[in-house]
Each structure stands twice: as structure tokens, then as C-alpha cells.
Amino acid sequence: MSKVTKIVIIDDHQLYREGIKKILEFEKDFEVVGEGSDGDEALALVKKYKPDVVLMDINMPNVNGVEATRRLIEANSNTKVIILSIHDDENYVTHAMQTGATGYLLKEMDVDALIEAVRVVAEGGSYLHPKVTHNLVKEFRRLAEVSTNLKESGKRYEVRRPYHLLTRRECEVLQLLAEGKSNKKIGEKLYISEKTVKNHVSNILQKMHCDDRTQAVVEAIKRGWVDVGQY
């Protein structure tokens, strides 16, 4: 029997919480053990139930999601936090992740993204909503171009696929990860199953010595292994 992931949902909109709960409870290995409407309740529920994952709204009365996450980390909690937000701006994302969150989802997420995020974060990885990853990559590219232009005017971004390290298919998957595609979308794009995509991602992380897909994308961009020019 697979391990059950205990989850707490924190959001000040009851209808939204109930919708998220219904989605999660369709998964046999998920159990929603508590719900709350602000950061204070989040801290109390984590202390009481010791969940594996907290889905934390970023904007709430009293104590907001980012502050509650900071307090959880300071209390040495083993609970992982996924921020729920309407903001896809890289400043919000960076601040939330620096505070200690290991996931960031936009409230416009689809069901697959929600379930995948909870599983990835519960297993110790990080997860960013594909649109957020896309915006971070664009910002990284902008900063890289500024830096390059200051050093060598006119120098173009050159892609060097890491065929010495990854297979051709793994390079294709890495490129699509950098474009912010979910496992499901990558499978549709390459005409392979979602399970096969997960196997490719695991191989990529192992070969690149990265803990999660976000770290792999950042490392790939730094090394010039993916094309960021098309978006």
C-alpha cells in the first residue's frame, strides 16, 4: 500500500477550499486532514496534524501565506508548502520561494498540475506552475541578454545541446521543461506516455545531479543547453 500524503488547505475563500478538497480526495493516496482561512490557522493545523504538504493562499487576512510559510520554516517544520496565488510576477515567486515554499501554483491551474505539484513536493522536489516557469525563463533571458550586451555587443545566444550527457530524446524533454510544459503536455508534444516522460525527467535529474526540474531548467539555461530565444 502506497504512503498516504496528508494535506492541509489554507485559503480564505471557503468555496475555493472545498473545490480543491474534492479534487484531492479523488486520489487514493491523498488525505485532506485540515482546512483554514489564514496563516494563524495554518500554523495551528500544522502543529496539530503534522501534514506532509500545505496548500497556502498567498493573500489572506491577518497572517498572509508568505509570512506563515516563514514561521513554519523557522519552527523547523518538516511540512512542505505550496503557495496558491493569482500573481505570476517573478518577484512574487522569488519572494515566496526564498521564504521557504517549495511549490508555487497559480489559481488558474488545471487538475493535473495540482495533483502533480502535490506529489512532486511531497517527495522532496520543487514545483512551479508552467506559466510561472515561462515568466522566470523570460526574465532570466532578459537579464542574460543585458549582461551579454554589456560585455560583447552583438553576441548571439548559442544553444549547445548536451549530447555528451543526455540522449537526444532527453534533450527534447529538457527543452520542453524549460518552456514550462507539464509532463502531460510534454507527452502530447512528443507522442509518448506521461509515464515515459516521468522516466525521462528522472534520468535527466540524475545525470545533471539536480534535485528537481526547476533546478535542472535553471542549470540548463546557464549552460546554454536550451533555446530560450523563441519565447
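Data overview
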item	result
Residue selected from region 4-31 under the condition surrounded by fewer than 19 Cβ atoms within 10 Å (Cβ to Cβ) and of a type outside the set (D, E, K, R), by the criterion nearest to the chain's Cα centre (by Cα)	I23
Some residue of region 50-66 being modelled with pLDDT of 85 or more, assigned to a helix (DSSP H, G or I) and over 18 Å from T5 (Cα atoms)	yes
Of all residues in region 107-123 being open to solvent by less than 10 Å² (accessible area, probe 1.4 Å) and in contact with a Phe, Trp or Tyr (Cβ under 8 Å, 6 or more places away or on another chain), the one that is farthest from E18 (Cα to Cα)	V121
Total residues in region 74-88, condition open to solvent by 60 Å² or more (accessible area, probe 1.4 Å) and more than 16 Å from V120 (Cβ to Cβ)	5
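The values are calculated or read from the model by the stated rules, or taken from the named source; none is laboratory data. Computed from a predicted structure; not experimentally measured. Every residue, glycine as well, gets a Cβ built from its backbone with ideal geometry; the counts of neighbours run over all protein chains shown. Areas reflect the complete protein model, heavy atoms only, side chains present, ligands, DNA and RNA absent. Shrake-Rupley method; radii C 1.70, N 1.55, O 1.52, S 1.80 Å.
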